[in-house]
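To keep things clear, I will list the structure first and then write my remarks on it.
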Amino acid sequence: MPRPTAAQLAYGSCTVIFSTLAMLLLSETSSGVGIVVIALSALALGLLVAWTVPVPVARTAQAPAEPVTDEERVPTSL
């Protein structure tokens with residue numbers, strides 16, 4: 001399993017924090033069960049966001065181009 005990138009960690013963490021605060025403020029819950037449900041749903045949302053952040057693809061080395069001879073560079077018709 002590849003390690004998460006810094007962008008994935010940042011987006012996931014920000015999503016968890018901000019979605020938890022938003023849901024707690026909007027729901028105005030004070031029960032322990034409601035807080036646990038909100039925290040778990042925010043964690044699931046943060047994981048979903050972290051997994052969907054595009055991962056940079058490692059570039060492979062390109063094959064060197066064939067060398068061009070002098071005959072191919074000089075036009076034949078003058």
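What do you reckon, is residue 21 assigned to a helix (DSSP H, G or I), modelled with pLDDT of 90 or more and out of contact with any strand residue (DSSP E or B) (no Cβ under 7 Å at 6 or more places or on another chain)? Criteria met by residue 21.
A count restricted to segment 24-50 and to residues that are surrounded by 12 or more Cβ atoms within 10 Å (Cβ to Cβ) and either assigned to a loop (DSSP other than H, G, I, E, B) or on the phi > 0 side of the Ramachandran plot (or both) stands at 1.
The values are calculated or read from the model by the stated rules, or taken from the named source; none is laboratory data. Fair warning: this is a prediction, and the values are worked out from it, not measured in the lab. Neighbour counts run over all protein chains shown; Cβ positions are idealised from the backbone, glycine included.
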